[in-house]
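Read the structure below first, then the notes.
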Amino acid sequence: MVSYKRLTPEEVHFAGAALLDPDETTDTDLKEVNPELPLLPQSRRCSITVALLTLGGLIVVLFGIWLLGTIFWLHKPPSTEPHRPPPPASCSQIPEAWRFDCYPERGAVVTEEMCNARNCCFVQRSQAKTSGRNGMPWCFYTPDYPSYELVSITDTEMGKVGKLLRNKKTYYPKDIDALQMEVLYEEDNRLRVKITDPAEKRYEVPIDVPVVQKKASNPSYTIDFIKEPFGLIVKRTQTGTVLLNTSIAPLFYADQFLQMSTSLPSRFIYGLGEHRSNFLHDIQWNTLTMWARDVPPMELTNLYGVHPFYLSMESDGMAHGFFMLNSNAMDVALQPAPALTWRMIGGILDFYIFLGPDPSSVIAQYLDVVGKPAMPIFWALGYHLCRWGYKSSDKTWNVVKEMRNYGIPQDVQWNDIDYMDHALDFTYDTVNFSSLPDLVKDLHRHDQHYVMMLDPGISNSQLPGSYWPFDEGMKRGIFINDSNGDVLIGKVWPGLTAFPDFSNPDTHEWWYQNLKRFHEKVPFDGVWIDMNEPSNFFDGSLNGCPDNELENPPYTPGILGGTLKAKTVCASARQKISTHYNIHSLYGLMEAKSTESALRKITNKRPFVISRSTFPSQGKYSGHWLGDNRSQWKDLATSIPGMLTFNILGIPLIGADICGFGGSTTEELCVRWTQLGAFYPFSRNHNSIDEQDQEPTAFSPAARTAMKEAILLRYSLFPHLYTLFYHAHISGHTVATPLLFQFPNDEKTYGIDKQFLWGKNLLVTPVLEAGRDYVVGYFPKGLWYDFHTGDSLISSGEEINLQAPKDKINLHLGEGSVVPTQRPNTTLWVSSGQPLHLIVSLSEDGLAKGDLFWDDGETLDTYEKDQYAYIYFTVEQVQKMHNSPLLQ
């Protein structure tokens, strides 16, 4: 609430008042103004001839002065003087939505003096940005703020190359004054731009991307270059829509501060993970920070993963994507213009634009660059149970037996860290978990599977010769070192620890040998890699971190904790390919890559890996879960935008902890969450230590039956779900799909994240609030069938109130679909031998189509080796029925 007061005349000050001599007294100070006197002094009249001669002479004099000034300006050397602050009048004319922050440092209360020191506009407002808050900036750039100049541009075989020069220093140290810009026309619907330092090699993200040798023959984009201040404008040729316009704010390129802004064609922007937010991002002065961090999901906080990719909808239903290939700490600032600003503290500017033109095509084009997701092993799509705090293998085994006794499907049993001996990786507690090897053998006899947790921290506190992982790691030199070259020591669950350097190929071999040795004792089937941001109970290390520019860069993004070292290792730590400052957010990806490779060799089957920290291309190696949520209705609801976001980021094997991890659930919440979780691509119930039990068997008969029916429904749809993963693997499609992907011309779908589709036509509408026996869902225009009853409804594009008793989740099938199903059983292996069925929803024209991908579910690379069956179904109605039916 802002309060206002009426000002007295004595309190009003005008900007021009400072120009008056305070000792001067005007007539108005001495007496009242005579209302009969003219406001301006009278002057003598003059003839028209004299006036014209006078005016002409004045114009000649002014032109001469301008000409001499221009000649002098053109011949003088580049200015090293600071750019002067603009006059207040010009600042106030800049529209509020288009004010680009000149003082983005979090926690700074920006004063006029601070802003003037950066030669920027200062307009203070009661509702503008204050210390550490998102909001409209008080301090912002002028349109002519100094930037780079494009001094040359030439054609190349792949596009163009240009030279950029900066003639005025910025307020960040170590400006790079000369830059090289490469514009690469890689595909008709893909453009790449790299801006680098031609004089000195800078760090670049070490993930594999396509190296294109031939220029696009018919690009769907045009590019305009603005010479000074430099700007790059990319337009869609078909419509003229501006997809990128960097001329709206100055380009910065210093050693530890890179900044680039662009306009957006609309307010509809998605992606930019990992954050807890709505699926559709808020552009009202919303800054998203990226730097992998161990923290339970919360709003406006950098979370476990980093994904600098966004999808943007345009005004005509078309879509495009933008990917900034950079792994340094960064802020991405959204503002209501609409516009976006990238701020990174290292690396290079290396970005792609994908032109779709529809949302699904954009995601496929993005995954052509970073890599399409792996085809999962079949049992990964079953129902998983886990908790931290089983406390013994016997208790774990009893949970499995109870699930069997009640006939509730379960494919996978997990253990959290409590299975380990004093939290040591590659060990198990031989007292409390003495029967663990036998439990795993029993799971295998029942066509079930076992997944164990691993953390990256390796204890350095065991007796020499007693703990092979650390002893061997020291021999091979595979741990992260501090800035002095000594092994960096942090602290995690086992106490003091060293951290494997997964950027080192030698570490991959060491990791494989550790997994292989443990697999010989406990024949696990998959690996859950946790704490891999990497997480550290210290800030930096046991011995702290040095006070240098890597630990304290000139600009620090809005990271939780305020420093790069907060709850992780020192930014100045040394790794094989670079400093941790550059590759921190790649740690989870590199560990996943190493784990996936090891499991391929150990099991000779498709690897199953779930990772907490992720980065672009992660889907090739692992799935992800949404982290340490809580048993709250809010967390149930926010799991849907999280799931949808990771689907567009190329990690479709995604889900949240069903019934919640932290806190104790309620029966109603757990029933509703199990119903929704049955439609997570990755479906796992996970619980924390010392909370009440939340397995389906722990509840009343009615609740237990409702959960069982939801899981059986999932198992019956396994052929359809498996086929969706095939399309994700081959074509880069989503599995859990936002409604806007199928209805891009229906703007009502753009903000929907309480419903979603499986694939193209199976609409899921869950209950997300307590005490409800109904739910309101949006149905895009068309014919829809209730999956349970076959009842049809015709929607004009409207919200519909649906009955939702506690034993039901609403599921509807869009017209024109063929969905393969099977008779469900207690494991997917048993279910896969059951008869297959087709559910057909005819369109009003009497047509339907669908498909089925089928293989043995576990062999590596069956598609690549042509060891599969693919069946395409088409159905055509030959005799008109009274109602368009749902056929089974």
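The values are calculated or read from the model by the stated rules, or taken from the named source; none is laboratory data. Fair warning: this is a prediction, and the values are worked out from it, not measured in the lab. Note that each Cβ is placed from the backbone with ideal geometry, even for glycine, and that neighbours are counted across all protein chains shown. Surface accessibility is based on the protein's heavy atoms, side chains included, excluding ligands, DNA and RNA. Shrake-Rupley method; radii C 1.70, N 1.55, O 1.52, S 1.80 Å.
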- Message: Among the residues of the stretch 772-784, are any assigned by the TED database to the domain that holds LEU757, assigned to a strand (DSSP E or B) and open to solvent by 70 Å² or more (accessible area, probe 1.4 Å)?
- Response: yes
- The correct count of residues that are touching a Leu at 6+ places or on another chain (Cβ under 6 Å) and over 24 Å from GLY485 (Cβ atoms) in the stretch 528-565 is 1
- Subset of the stretch 232-260, residues within 19 Å of PRO95 (Cβ to Cβ) and free of Cβ contacts under 8 Å to residues at least 60 places away in the same chain, comes to VAL242, ASN245, THR246, SER247
- Message: Among the numbered criteria (1) open to solvent by 20 Å² or more (accessible area, probe 1.4 Å); (2) in contact (Cβ under 8 Å) with a residue 24 or more places away in the chain, which one does LEU349 miss?
- Response: (1)
- For residues that are closer than 14 Å to THR196 by Cα and of a type in the set (Lys, Arg), scanning just the stretch 161-179, find the one that is least open to solvent (accessible area, probe 1.4 Å). ARG166
- Task: Answer yes if at least one residue in the stretch 479-490 is in contact with a helix residue (DSSP H, G or I) (Cβ under 7 Å, 6 or more places away or on another chain) and without any contact (Cβ under 8 Å) to a residue 60 or more places away in the chain, and no otherwise.
- Result: yes
- Note on the structure: Checked pairs for the stretch 512-527, first open to solvent by 30 Å² or more (accessible area, probe 1.4 Å), second small (Gly, Ala, Ser), C-beta under 9 Å and 6 or more apart or across chains, list as TYR512/SER594; TYR512/SER597; TYR512/ALA598; GLN513/ALA598; LYS516/ALA598
- Among residues of the stretch 168-194 being of a type in the set (Val, Ile, Thr) and in contact with a Phe, Trp or Tyr (Cβ under 7 Å, 6 or more places away or on another chain), the residue farthest from CYS139 (Cα to Cα) is VAL193
- Task: For residues that are open to solvent by less than 10 Å² (accessible area, probe 1.4 Å) and in contact with a Leu (Cβ under 8 Å, 6 or more places away or on another chain), scanning just the stretch 377-400, find the one that is nearest to TYR428 (Cα to Cα).
- Result: SER393
- Within the stretch 639-750, helices (runs of 4 or more DSSP H) holding 1 or more residues that are of a type in the set (Asp, Glu) and out of contact with any His (no Cβ under 7 Å at 6 or more places or on another chain): 667-677, 701-716
- Can you name the residue in the stretch 824-857 that is open to solvent by 60 Å² or more (accessible area, probe 1.4 Å), assigned to a loop (DSSP other than H, G, I, E, B) and charged (D, E, K, R) and is also farthest from HIS384 (Cα to Cα) among such residues? ASP845
- Is there a residue in the stretch 318-335 that is of a type in the set (Phe, Trp, Tyr), modelled with pLDDT of 95 or more, within 27 Å of ASN745 (Cα to Cα) and in contact with a Leu (Cβ under 6 Å, 6 or more places away or on another chain)? no
- Quick one: would you say ASP807 is open to solvent by 10 Å² or more (accessible area, probe 1.4 Å), under 27 Å from ARG704 (Cβ atoms), in contact (Cβ under 8 Å) with a residue 12 or more places away in the chain and in a loop (DSSP other than H, G, I, E, B)? yes
- Residue among THR497, THR507, THR563 that is of a type in the set (Ser, Thr, Tyr) and in a loop (DSSP other than H, G, I, E, B): THR563
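Residues checked against (1) free of Cβ contacts under 8 Å to residues at least 12 places away in the same chain; (2) crowded, with 21+ Cβ neighbours inside 10 Å; (3) part of a helix (DSSP H, G or I); (4) touching a strand residue (DSSP E or B) at 6+ places or on another chain (Cβ under 7 Å):
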position	(1), (2), (3), (4)
HIS584	no, yes, yes, no
LEU589	no, yes, yes, no
GLU596	no, no, yes, yes
PRO607	no, yes, no, no
ILE610	no, yes, no, yes
PRO616	no, yes, no, yes
GLY619	no, yes, yes, no
HIS624	no, yes, no, yes
LYS634	yes, no, yes, no
- Task: Return yes or no: is GLY271 modelled with pLDDT of 95 or more and buried (at least 20 other Cβ atoms within 10 Å of the Cβ)?
- Result: yes
- Looking only at the stretch 434-478, which residues are touching a helix residue (DSSP H, G or I) at 6+ places or on another chain (Cβ under 8 Å), open to solvent by 10 Å² or more (accessible area, probe 1.4 Å) and among the hydroxyl-bearing types (Ser, Thr, Tyr)? SER434, SER435
- Starting from residues that are closer than 17 Å to PHE741 by Cα and open to solvent by 10 Å² or more (accessible area, probe 1.4 Å), keep the ones in the stretch 640-654 and report whichever is farthest from the chain's Cα centre (by Cα). GLY642
- Query: Within the stretch 232-246, can you find the residues that are outside any loop (DSSP other than H, G, I, E, B) and more than 30 Å from LEU550 (Cα to Cα)?
  - Reply: LEU232, ILE233, VAL234, LYS235, ARG236, VAL242, LEU243, LEU244, ASN245
- Item | Candidate set from the stretch 569-582 (those that are of a type in the set (Val, Ile, Thr) and over 15 Å from PRO456 (Cβ atoms)); member that is most open to solvent (accessible area, probe 1.4 Å) | ILE577
- Note on the structure: The residue that is nearest to ALA319 (Cα to Cα), considering only those in the stretch 728-771 that are open to solvent by less than 10 Å² (accessible area, probe 1.4 Å) and of a type in the set (Gly, Ala, Ser), is GLY732
- Query: Given the conditions (1) open to solvent by 30 Å² or more (accessible area, probe 1.4 Å); (2) under 35 Å from the mean Cα position of the chain (by Cα), and given that TYR406 satisfies all but one, which numbered condition is not satisfied?
  - Reply: (2)
- Task: Can you run down the residue pairs with Cβ atoms below 6 Å, 6 or more apart or on separate chains, where the first is in the stretch 383-399 and basic (Lys, Arg) and the partner is in a strand (DSSP E or B)?
- Result: ARG387/ASN687
- Any idea which residue in the stretch 655-682 is farthest from ASN761 (Cα to Cα), counting only those that are acidic (Asp, Glu) and open to solvent by 10 Å² or more (accessible area, probe 1.4 Å)? GLU667
